[in-house]
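Take a look at the structure set out below.
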Amino acid sequence: LPAAMAAPTPVSALVHSSTLVTAGVYLLIRFNMMLVDMIFLKFLLLLSGLTMFMAGISANYEFDLKKIIALSTLSQLGLMMSILSMGMPDLAFFHLLTHAMFKALLFMCAGVVIHMMSDIQDIRYMGGISFYIPLTSLCLNISNLALCGIPFLAGFYSKDLILEMVSMSNLNLMIFFLYYFSTGLTMFYTIRLLFYLMVNDYNLMVVYNLYEEDYVMLKSMFMLLFMSLIVGSFLSWMIFNYPYMIYLPINMKMMVIYVMLMGLFSGYLISNMKIYSINKFLM
């Protein structure tokens, strides 16, 4: 998946939209009745948890914009597969649908940014994006926050529900740790991306292709923005035939929020260290 992202954009769009991302998860959702109580699901739980962990770690060390988004998709795929292997295919399908909304928005924003940068994908060359394309940056930030699972955006409804079902299940501590640590890492690379794109100085190393907003793209991007705000709440009413009512202690209930705040704080600290964000040109 990250190797397909370094390819030209049509290749990565085809690979990312159809083959690698949704087909395997959807096939396992359809066939989950055959797979129930198999030893295969235990292996699948372990492998998908480790996939989440690996993708979250390696997105923090990556400098290619599309590759970061691809690794975050891989992390969410690990989340879907692991909740599927715990025997909750409706939650996996719910997360598949909500994730499709904000990740499509995220890829469209990244495409606009890369096109504006005259086809440079390295995030170290970007900076001060929000000064030039504010509406695209708005869409990018809101879809990133929905990916993190900020409360009452689309990603919160599916991701928080999945993590609370994990908290209720009687699995071992390693699976629990992998889930929550991967959620924290999601917040981590999102804050890192936000610092590189929005907060940094205008890097003169590349002459920006300073267009206005791409208003043709913004029409569909605003539709996706609206969807990634409301689709979590909407689908959680629509597709579950009974509501998931989860009673947990207050600290366990707030654990997702705690992990997100820890990831936000550590991402802010790391981005504040100004290691890579020095403007090389002005030096």
query: With no solvent and one point on each alpha carbon, what is the Debye value of log10 I(q)/I(0) for region 99-234 at q = 0.13, 0.14, 0.15, 0.21 Å⁻¹?
result: -0.60, -0.68, -0.76, -1.19
task: Take the alpha carbon atoms of region 23-74, find their center, do the same for region 175-191, and report the distance between the two centers in whole angstrom.
output: 14
- line: Taking 237-247, 113-123 and ranking on average Cβ neighbours within 10 Å, highest first, one gets 113-123, 237-247
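Just to confirm, what accessible area per residue do you get for region 68-137 at 1.4 Å probe, in whole Å²?
Working: 1810 Å² over 70 residues.
Counting only protein heavy atoms, the per-residue value for region 68-137 is 26 Å².
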message: I'm spelling it out carefully: the read-out is Kirkwood radius over Cα pairs in Å, the candidates are (i) 19.9; (ii) 22.4; (iii) 19.4, and one was derived from this structure. Which label?
response: (iii)
The chain - mean residue ellipticity at 222 nm from DSSP helices (-39,500 (n - 2.57) per run, n ≥ 4, rounded to 500): -22000 deg cm²/dmol
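The values are calculated or read from the model by the stated rules, or taken from the named source; none is laboratory data. Quantities reported herein were computed from a predicted structural model and do not represent experimental measurements. Backbone-built Cβ (ideal geometry, glycine too); neighbour counts: all protein chains shown. SASA here: full protein model, heavy atoms, side chains in, ligands and nucleic acids out. Shrake-Rupley method; radii C 1.70, N 1.55, O 1.52, S 1.80 Å.
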